[in-house]
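The values are calculated or read from the model by the stated rules, or taken from the named source; none is laboratory data. Predicted model only: the values in this text are computed from it and were never measured. We place every Cβ from the backbone using ideal geometry, glycine too, and count neighbours over all the protein chains shown.
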Amino acid sequence: MNPFYQGARFLSAVPQLARAPADTGREVAFAGRSNAGKSSAINALCHQNGLARASKTPGRTQQLVFFSLDEHRRLVDLPGYGYAKVAESIKRQWQDQMAAYLERRRSLVGLVIVMDIRHPLTELDRQMLTWSTRARLPVLLLLTKADKLKQGAASATRLSVQQTAAQWGGQVEVVLFSATRLHGVAQTQGLLDRWLAIEPAGPVEPTFDP
């Protein structure tokens, strides 16, 4: 268990980027289709059961939720996307807001795209990849619910996703993940450590001036 991530705490939930916490330090965002297991993945990574909460109605929650790791580092839970019952106007608003966040947020140092291993690389997953590539962000494709497939099938899916994602160029990694079995947790935390510049020596200085 990594005590650093276990210390994650709710910071704020905002409906608009303009109301987000100050754009300083470092943060990693989590995006994903509704029902892909994004909340479960965040909870598993932070060794907490109720830190990130899934909406009872998928696609209903349209807020950016910020979690504080320490004074200068954050995790961000982005609104779930792609659910059919969300109005087209809401989808367009979400797309504009996410594009602005990914391309303008200076403290954003990495993006985790959470995908159900049985339904990877949907149209909106690909759109997120396009935005992140445009913003020159490193990306982790987290293939959740890997325990639902046999090991051989899961490995084959990972390889296929890796090969497809290579078309976007940039820094893209793919990890098999299971929140229930905690598979892939340590590997994912190691990547977050690099992005967030986590070192034993103490707190990181803010990346940008306040």
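One table, with the values for the structure above:
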| quantity | calculated |
| --- | --- |
| Leu141 vs. criteria touching a residue at least 40 places away in the same chain (Cβ under 8 Å) and of a type outside the set (Val, Ile, Thr) | no |
| Number of the condition not met by Ser55 [criteria: (1) modelled with pLDDT of 95 or more; (2) among the polar types (S, T, N, Q); (3) touching a Ser or Thr at 6+ places or on another chain (Cβ under 8 Å)] | (1) |
| Of all residues in the stretch 67-117 being assigned to a strand (DSSP E or B), surrounded by fewer than 20 Cβ atoms within 10 Å (Cβ to Cβ) and not small (Gly, Ala, Ser), the one that is nearest to the chain's Cα centre (by Cα) | Asp116 |
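Yes/no per residue for (1) surrounded by 18 or more Cβ atoms within 10 Å (Cβ to Cβ); (2) over 26 Å from Ala54 (Cβ atoms); (3) of a type in the set (Phe, Trp, Tyr); (4) under 15 Å from the mean Cα position of the chain (by Cα):
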| position | (1), (2), (3), (4) |
| --- | --- |
| Glu123 | no, no, no, no |
| Asp147 | no, no, no, no |
| Ser160 | no, yes, no, no |
| Leu176 | yes, no, no, yes |
| Ile198 | yes, yes, no, no |
